[in-house]
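Notes follow the structure.
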Amino acid sequence: MKLLRWLARRSGLDIRSPKYSYGVDPVLGFTSARKHAEHWVNSTCGYCSVGCGMQLGVKDGRVVSVRGNPHHPVNLGKLCPKGLAEHYAIEAEGRARYPLLRKNGRLVRVSWDEALDAMVGRFRAVQRKYGPESLGVISTGQLVTEEFYTLGKLVQLGLGTRNYDGNTTLCMSTAVAGYKRSFGSDGPPGAYEDLEHADVILLIGANVAENHPILCTRLEENKAKTLIVADPRVTKTAMMADIYLPVKPRSDLALINAMLRIVIDEELYDKEFVAAHTSGFEELRASLAPYTLDSAAQITGLETALICKTALLYANAKAAFIGWTMGVNHSTKGTETVNAINNLALLTRHIGRPGASPFSITGQCNAMGTREAGFTSAIPGYRKFESREDRKEIARLWNLSPECIPTRRGLAYPDIIEGAVAGKIRALWILGTNPLVSFPNIDVLKHALGNLDFLVVQDGFHPTPTTELADLVLPAAIWGEKEGTYTNSERRVSKVNAAVAPPGEARTDFDIFLALAGRLGCKDELFPGWREPRDAFDEWRRVSAGRLCDYSGMSYAELEASGSIQWPFPPGSRSRASATRRLYGDGHFATEDGRARLLPTQWVPFPEQPNAEFPLILNTGRTVEHWHTRTKTGGISILQRMSPRAWLEMNPQDAARLNLHAHDRVEVISARGRVSRVELRITGIVAPGQVFLPFHFVETNANQITQSAFDPISREPNYKQCAVRVERSPSSPVQPHRNSFRNHSAKGGSP
Ligand code: SF4
């Protein structure tokens with residue numbers, strides 16, 4: 001505070017003056033006249049899936065500040081560092097302002113008419129020559145639900161390709177696949193308030209303190225809980241635990257199976273619930289034979305007593321919550337691990353009750369929106385491609401012939417990239433994502449993009465490493481510049497509003513989709529009379545009616561008035577909203593027979609084991625200050641100064657063996673490539689034999705060395721473990737890293 005007062009005096013500001021009473025400036029650390037908003041616009045944070053309500057302060061047509069919405073039930077006015085600085089993204093360097101078309105090897109400014117004509121002309125030419133499915137589309141978890149809904153129809157029915165997926169496959173397709181297999185439908189069953197009601201909370205591979213900080217405040221408020229954290233790394237969340245389980249990398253599935261075996265052997269399961277509401281118990285019991293305490297201890301590295309204690313605490317809890325994120329999802333065994341988690345919750349009936357839930361904490365702000373309303377791995381409304389009834393129903397709702405609706409999903413994201421490598425995908429449209437930083441084993445992706453006849457990138461920022469390779473760049477509005485809804489991890493729908501217009505000639509994604517539909521000649525058939533996002537929302541409400549993700553009782557007016565609403569929300573739900581706070585409370589699941597499925601799963605070692613040449617296991621992850629590939633946060637000076645560059649965490653034993661010292665610059669090398677000149681941090685946060693590298697930084701891109709290994713069910717990449725060696729970098733002057741993101745021509749992208 002003394003420092004702030006000194007800074008204020010130097011700046012000639014009286015920070016006690018009422019005129020500085022609005023908006024804390026996260027750059028200066030205190031309020032300033034420049035930040036004195038004339039009015040505030042309610043909206044929702046555009047970063048993570050926690051879904052904090054916020055207010056954007058507007059002055060002279062600019063967003064000058066943000067503050068947490070004190071009335072929003074998710075965050076009650078609190079925001080994390082990213083949220084507090086989010087408005088700076090709107091005016092950050094490198095916003096995409098004009099359509100750019102590659103001519104004679106250079107991207108040159110063109111009109112929207114020329115840009116869209118080129119896009120439609122080239123896509124149609126490729127499809128005529130190579131077939132309709134030679135076109136691929138990869139979107140994001142950053143659009144509003146209205147845009148996902150519109151884009152899905154446009155791609156599948158207007159452009160006529162099924163090869164459409166999102167970057168959400170890189171972070172939570174595993175949770176989707178796991179929920180579908182166990183419960184018959186996607187949809188996290190619980191609510192955030194379960195974190196306050198549970199007496200036992202088990203977090204597996206979930207560093208919420210870093211990645212979902214406002215959820216972490218709920219953990220802190222529950223003083224009665226026992227918090228158990230399973231993670232190979234002593235994360236900030238692990239430091240909060242009552243019981244820390246330092247599992248070996250990718251051994252969580254063996255841990256859960258051993259817990260399941262204890263629960264069954266000790267008869268701690270709810271026999272009545274299992275008999276009435278599940279199927280597959282005997283098959284599950286038989287599959288657990290290999291998971292003795294001794295074998296689980298050997299696989300996980302945990303003491304048998306600790307495994308036993310965890311199982312007994314979980315099974316005997318009044319209400320137990322299991323949360324997970326990328327530590328589970330980013331694996332070739334991710335979907336099976338989610339099924340094992342669901343098995344545990346089902347056997348003990350820790351589901352559908354206050355405090356009791358197997359809960360996937362999603363990544364992006366509106367990953368849930370695309371899961372529900374998108375048209376990628378499912379037909380909107382959690383309908384199945386393979387169900388004749390579902391296809392007939394959606395065709396009726398859309399006034400189309402059922403034959404128009406695809407009977408199976410197209411290629412998932414990694415398979416679209418493989419398709420491009422093989423020459424089967426010849427044109428690609430990428431929206432709001434930056435695979436040149438985020439896709440595993442980046443050289444494969446470069447090969448794929450190099451094979452394309454035409455690449456369109458639609459983004460709020462340019463240049464990014466991905467837009468720089470595009471044949472056509474479409475400038476899109478970002479958070480703060482458009483209207484719609486986001487749905488967070490607890491199925492809570494919140495309104496998103498525009499506070500300012502997009503820069504230059506940038507347009508909202510929704511506008512771009514309708515303009516394309518007009519050029520494709522399908523606007524009147526697919527989007528009759530649509531002019532604004534509300535039109536898409538109204539149709540989506542009708543399409544979701546009667547489904548698990550039922551929005552039909554919601555309206556923009558009600559969302560604005562109440563701040564947010566959880567689905568399912570059919571008409572008349574207001575009076576019984578608490579009854580729909582959790583799914584499956586009645587023991588009826590979304591499977592054909594209404595029973596949840598207990599599914600056998602098998603642990604196997606992760607695909608690339610350490611060896612003599614590459615003796616260390618690399619783990620990748622995030623830091624609180626940055627968002628994915630830093631399109632937004634890399635241009636925000638307060639966040640960039642807090643976390644300006646990547647680092648490599650290494651255990652002191654390994655550092656001593658390699659004769660490395662703190663702050664050395666090192667090379668991290670795998671069978672696929674190397675990351676150069678990373679600053680070394682020597683710390684017991686990582687165990688011997690393991691190293692950790694954050695994945696946000698294009699300059700030291702972790703995906704130069706990650707592998708092309710994917711979950712066979714969800715197609716999510718195995719980002720979390722690969723074999724590497726670490727060497728001191730060849731001696732050369734240490735480069736200044738200050739704000740290196742903006743000094744680098746290939747800046748991080750979205751999201
Ligand atoms: Fe935004 Fe997530 Fe931070 Fe909340 S916790 S302010 S939603 S980034």
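The values are calculated or read from the model by the stated rules, or taken from the named source; none is laboratory data. These figures come from a predicted structure and were not determined experimentally. Here Cβ is always computed from backbone atoms with ideal geometry, including for glycine, and neighbour counts include all displayed protein chains. Surface areas here come from the heavy atoms of the whole protein model, side chains and all, with no ligands, DNA or RNA. Shrake-Rupley method; radii C 1.70, N 1.55, O 1.52, S 1.80 Å.
Quick notes
- Here the extension length gained between E221 and Q609 equals 135.7 nm, from 0.36 nm per residue of separation less the Cα-Cα distance.
- log₁₀ of I(q)/I(0) at q = 0.05, 0.11 Å⁻¹ - the chain, Debye sum with one point per alpha carbon: -0.23, -1.25
- Compactness of the stretch 616-748, taken as the C-alpha radius of gyration over 2.2 N^0.38 Å, stands at 1.05.
- When a 1.4 Å probe is rolled over the protein heavy atoms, the share of accessible surface on the stretch 616-748 that falls to carbon and sulfur comes to 53 percent.
- Amide hydrogen neighbours beyond the local backbone of L245, cut-off 5 Å, H modeled: V229, A230, D231
- Accessible area (Å², 1.4 Å probe, nearest 10) - K271: 100
- Using the Karplus relation 6.51 cos²θ - 1.76 cosθ + 1.60 with θ = phi - 60°, the per-residue 3J(HN,Hα) values for the stretch 687-695 come to 7, x, x, 10, 9, 10, 9, x, 9 Hz, with x marking Gly and Pro.
- When the pairs K424/K720; K153/K384; K271/K333; K153/K333 are compared against a 21 Å limit on Cα-Cα distance, K424/K720; K271/K333; K153/K333 fall above it.
- Distance between the stretch 386-422 and the stretch 201-265 - C-alpha centres, whole angstrom: 38
- The 3J(HN,Hα) values that the Karplus relation (6.51, -1.76, 1.60; θ = phi - 60°) gives for the stretch 599-604 are, in residue order, 10, x, 9, 10, 6, 9 Hz. Gly and Pro appear as x.
- For the chain, with +1 on Lys and Arg beta carbons and -1 on Asp and Glu, the positive-most of T168, I204, I705 along the dipole: I705
- Whole-Å semi-axes of the ellipsoid equivalent to the stretch 499-606 (Cα gyration tensor, √5λ, descending): 35, 23, 16
- Furthest towards positive pole of dipole, Q640, S357, L157, structure part the chain, Cβ charges: Q640
- DSSP-loop trypsin sites (Lys or Arg not before Pro) across the stretch 297-365, with at most 14 other Cβ within 10 angstrom: K318
- Here is the list for the stretch 491-580: trypsin sites (Lys or Arg not before Pro) lying in DSSP coil, each with at most 13 other C-beta atoms within 10 angstrom of its C-beta, are R531.
- Reachable aspartates and glutamates from K248, criterion Cα separation under 19 angstrom, eight or more residues apart if same chain: D231, D294, E303, E336, E608, E649, D654
- By a 1.4 Å probe calculation restricted to protein chains, M240 has an accessible surface near 60 Å², given to the nearest 10.
- Placing +1 on the Cβ of every Lys and Arg and -1 on the Cβ of every Asp and Glu, with no other charges, gives the stretch 616-748 a dipole of roughly 380 debye about its Cα centre.
- Long-range amide H partners of I430 with built H, under 5 Å: I138, V456, V457, Q458
- Placing +1 on the Cβ of every Lys and Arg and -1 on the Cβ of every Asp and Glu, with nothing else charged, gives the chain a dipole about its Cα centre of roughly 1640 debye.
- Residues with amide H under 5 Å from that of L648, placed H, sequence gap 5 or more: E679, L680, R681
- Computed FRET value (nearest 0.05) for C404 with R128, which takes r as the C-beta separation and R₀ as 30 Å: 0.95
- Rough spin-label spacing in nm, given labels placed 7 Å along Cα→Cβ, for E525 and D294: 6.7
- Packing here is the average count of other Cβ atoms within 10 Å per residue, and on that basis the peptides 585-593, 141-149, 701-709, highest first, run 141-149, 701-709, 585-593.
- Bridge type composition, the chain - antiparallel percent by DSSP, nearest 5: 50
- Eligible aspartates and glutamates near K523 by straight Cα distance, threshold 18 Å, same-chain separation 8 or greater: D113, D117, E146, E147, D509, D511, E532, D535, D538, E539
- Solvent exposure of the chain as accessible area per residue, Å², 1.4 Å probe: 35
- Calculated diffusion of the stretch 571-649, Stokes-Einstein form, Kirkwood radius summed over Cα pairs, 25 °C and 0.890 mPa s, µm²/s: 129
- Under 17 Å from K129, Cα to Cα: aspartates and glutamates that are on another chain or at least 8 residues apart: D453
- Here's the picture: charge each Lys and Arg Cβ at +1 and each Asp and Glu Cβ at -1 in the chain, and of A258, N42, A501 the one pushed furthest to the positive end of that dipole is A501.
- Span from the the stretch 104-146 Cα centroid across to the the stretch 615-629 one, whole angstrom: 32
- Scattering curve values for the stretch 127-259, log₁₀ I(q)/I(0), Debye with Cα scatterers, q = 0.10, 0.17, 0.21 Å⁻¹: -0.51, -1.04, -1.31
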